[in-house]
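Worksheet: one structure, shown below.
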Amino acid sequence: MASQRMNHLEKEIFSIQNDSDFERIALEVYHYQVEHCAIYREYIERLSWDEPTSSKEIPFLPISFFKTHRVISGELKEEVVFKSSGTGGERSQHFVHSIEVYKEAFRTIYSQFIGKVEDQVVLALLPNYLDQGDSSLVFMVDDLIEQSKTAEGSNGVNSISQFLLHDMSDVVGYYNQAIAAGKKVIIFGVAYSLLDLCDLNPDLRHATIIETGGMKGRRKELMKPELHRILRIGLNCKNISSEYGMTELLSQAYSNQNGIFETCPWMKVRIRETNDPFNYIDEGKTGGVNIIDLANLYSCSFIATQDLGRITSEGFEIMGRFDHSDVRGCNLLVQ
């Protein structure tokens, strides 16, 4: 009976149409996770938190607990464990009970913001993620590549969708081949690899470039506006897109221009005060990024990240990261 209810809740999450749907399902997910996710339940108990009546009253678990605890509901078994890149030290781990939930989330979101992968050639410059393994990003992009390669009516051109490591000239060659065949080209790339690609001064004006993260210790970190300015010039692109995701989330946000990220119906971003993690701030002001990701049904859907951001009229921006290593509130659960 319980499994039937959870299967139904999974379907409800991906069927959210409006704020009313979101509020109802978010509260239901909250009650499920407080009951079944041990670390989240203990966190709530230590806070002595009143029963929430809306999603704005739900406490957010500091993201660092994914480094120190097994964040999964009850006695559920994981189908896969995703790990962070580890550039900041210890790697976060996300114990994912249902890989099908992850697939449904990223496939739906990608189609909404980037387009039908069956009509695309997908190239990926993600060498550091491939080297370290257990990456949720690599899993997602690999799935998109396979969908592209096996698409009906591709006439074999989509078969060039693939991961590319260090030979930047291959990117240009495959891009030209795909464009000549009338295909849309998507290039996923970590920031330092895209900067390496700039050294060739290619003309990629017809590609969608999706920047997926920072320098990973390979180059000097740059603010997003400056990074994207350099990439636009170096790759001859009008816009640089970005993907905002992380090991601890099963959903992603995309920015197709101006660094403004948009979310899917089951994901919301709220901005908290940097010195008071339980108080929200107004639109346009910078603070800590809290994320509700209802696709995280079997782990924790309410996460206080270490990112700084702000809400805009069109979505949200990422401004950087906290200088200190952990989000305030973690000391409530020292074990």
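The values are calculated or read from the model by the stated rules, or taken from the named source; none is laboratory data. Keep in mind that this is a model prediction, so the values were computed, not measured. Cβ placement follows ideal geometry from the backbone for every residue including glycine, while neighbour counts extend to all protein chains displayed.
Couple of notes before you dig in:
- Restricting region 96-148 to residues that are over 20 Å from GLU248 (Cβ atoms) and without any contact (Cβ under 8 Å) to a residue 24 or more places away in the chain leaves a set whose member that is surrounded by the most Cβ atoms within 10 Å (Cβ to Cβ) is ILE145.
- Any chance LEU294 is surrounded by 14 or more Cβ atoms within 10 Å (Cβ to Cβ) and at pLDDT below 95: no
- Residue within region 189-196 that is closer than 22 Å to ASP119 by Cβ, of a type outside the set (Asp, Glu) and not assigned by TED's automatic domain parsing to the domain that holds LEU297 present: yes
- Residues that are modelled with pLDDT of 95 or more, of a type in the set (A, V, I, L, M) and part of a loop (DSSP other than H, G, I, E, B), drawn from region 98-141: ILE114
- Where helices (runs of 4 or more DSSP H) fall wholly inside region 151-248, the ranges with 3 or more residues that are hydroxyl-bearing (Ser, Thr, Tyr) and free of Cβ contacts under 8 Å to residues at least 60 places away in the same chain are 168-180.
Conditions (1) touching a helix residue (DSSP H, G or I) at 6+ places or on another chain (Cβ under 7 Å); (2) without any contact (Cβ under 8 Å) to a residue 24 or more places away in the chain; (3) surrounded by 15 or more Cβ atoms within 10 Å (Cβ to Cβ); (4) among the aromatic types (Phe, Trp, Tyr), marked per residue:
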residue	(1), (2), (3), (4)
SER73	yes, no, yes, no
LEU76	no, no, yes, no
VAL80	yes, no, no, no
SER84	no, no, yes, no
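- Look at region 36-54: where a residue is farther than 20 Å from ARG24 by Cα and in the same structural domain as HIS69 (by TED's automatic domain parsing), no partner that is among the small types (Gly, Ala, Ser) and not in a loop (DSSP other than H, G, I, E, B) sits 6+ places away or on another chain with Cβ atoms under 7 Å.
- When region 22-37 is filtered for residues that are assigned to a helix (DSSP H, G or I) and either in contact with a Gly (Cβ under 8 Å, 6 or more places away or on another chain) or closer than 18 Å to THR108 by Cα (or both), the ones remaining, listed by number, are PHE22, HIS36.
- Candidate set: region 7-54, residues that are more than 14 Å from LEU294 (Cα to Cα) and of a type in the set (Gly, Ala, Ser); chosen: the one modelled with the lowest pLDDT: SER48
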